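Engineer: Next up is a structure, given as structure tokens.
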Amino acid sequence: MQLAYTILYVEDVPASLKFYQAAFGFETKFLDDTGAFGELKTGSTSLSFCSRKLLRDMGKTPQPADPDRACFEIALSTPDVPAALARALAAGAVLKQEPELMPWGQTVAYVADGDGFLVELCTPMA
């Protein structure tokens, strides 16, 4: 088995794709004609976005994310966390934690995207 993609439930799929392009440099892989589903190129897996409206239309009850009560995070690895953080903040991300050297050797910072999803910016594990 292999992880294929992760889907974030958002209000505005095209806006989320645009934010992740500006904040983290990802390219759009796919956006459906209705704008209700899209994917970014992130390497061997995709980061996908689905509109909460589409899920409600399908009878589901998606909940908005809360970065102060996160139940998961997206981790993006970079050799330069401060530069990545500056780019994300310039694109509209909300700072949740300044870069910090962790006991296991990684430098880690946190931001929240416009939908409240927590995004970790970290150096690669040694």
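Engineer: If you go through region 24-38 one residue at a time, do you hit one that is closer than 29 Å to ALA86 by Cβ and part of a helix (DSSP H, G or I)?
Structural biologist: Yes, the conditions are met somewhere in region 24-38.
Engineer: May I pose another question? Looking at ALA86, ALA109, can you tell me which residue is assigned to a helix (DSSP H, G or I), over 18 Å from GLY43 (Cα atoms) and at pLDDT 95 or above?
Structural biologist: ALA86
So that you can scan it fast, the table gives a plain yes or no per residue for (1) within 25 Å of VAL13 (Cα to Cα); (2) buried (at least 16 other Cβ atoms within 10 Å of the Cβ); (3) touching a residue at least 40 places away in the same chain (Cβ under 8 Å):
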residue: SER48; (1), (2), (3): yes, yes, yes
residue: ARG52; (1), (2), (3): yes, yes, yes
residue: PRO62; (1), (2), (3): yes, yes, yes
residue: ASP68; (1), (2), (3): yes, no, no
residue: ALA83; (1), (2), (3): no, no, no
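Engineer: Kindly indicate which of LYS60, LYS96, LYS53 is more than 26 Å from LYS29 (Cα to Cα) and modelled with pLDDT of 95 or more.
Structural biologist: Being more than 26 Å from LYS29 (Cα to Cα) and modelled with pLDDT of 95 or more holds for just one of LYS60, LYS96, LYS53, which is LYS96.
Engineer: Sticking with this one: Regarding region 70-81, can at least one residue be identified that is closer than 18 Å to TYR20 by Cα, modelled with pLDDT under 95 and not assigned by TED's automatic domain parsing to the domain that holds LEU118?
Structural biologist: Within region 70-81 (the criterion being closer than 18 Å to TYR20 by Cα, modelled with pLDDT under 95 and not assigned by TED's automatic domain parsing to the domain that holds LEU118), the answer is no, since none of the residues qualifies.
Engineer: Hey, any hits in region 99-110 for a residue that's of a type in the set (A, V, I, L, M) and over 29 Å from GLN2 (Cβ atoms)?
Structural biologist: Within region 99-110, one or more residues are of a type in the set (A, V, I, L, M) and over 29 Å from GLN2 (Cβ atoms).
Engineer: Let me ask something else about it. Any residue that is of a type in the set (A, V, I, L, M), surrounded by 18 or more Cβ atoms within 10 Å (Cβ to Cβ) and at pLDDT 95 or above - is there at least one of those in region 17-26?
Structural biologist: yes
Engineer: Same structure, new question: Among the candidates LEU8, LEU47, LEU3, LEU17, single out the residue that is over 13 Å from the mean Cα position of the chain (by Cα), among the aliphatic types (A, V, I, L, M) and over 15 Å from LEU121 (Cα atoms).
Structural biologist: Exactly one residue qualifies, and that residue is LEU3.
Engineer: Does ASP57 meet the test of being among the acidic types (Asp, Glu) and surrounded by 15 or more Cβ atoms within 10 Å (Cβ to Cβ)?
Structural biologist: For ASP57, the condition - among the acidic types (Asp, Glu) and surrounded by 15 or more Cβ atoms within 10 Å (Cβ to Cβ) - is not met.
Engineer: Of all the residues that make up region 27-40, how many are surrounded by 14 or more Cβ atoms within 10 Å (Cβ to Cβ) and either out of contact with any Cys (no Cβ under 7 Å at 6 or more places or on another chain) or of a type in the set (Lys, Arg) (or both)?
Structural biologist: Selection size over region 27-40: 7.
The values are calculated or read from the model by the stated rules, or taken from the named source; none is laboratory data. The structure presented is a predicted model; accordingly, all values stated were derived computationally and were not measured. For neighbour counting, all protein chains shown are included, and Cβ atoms are generated from backbone atoms with ideal geometry for every residue, glycine included.
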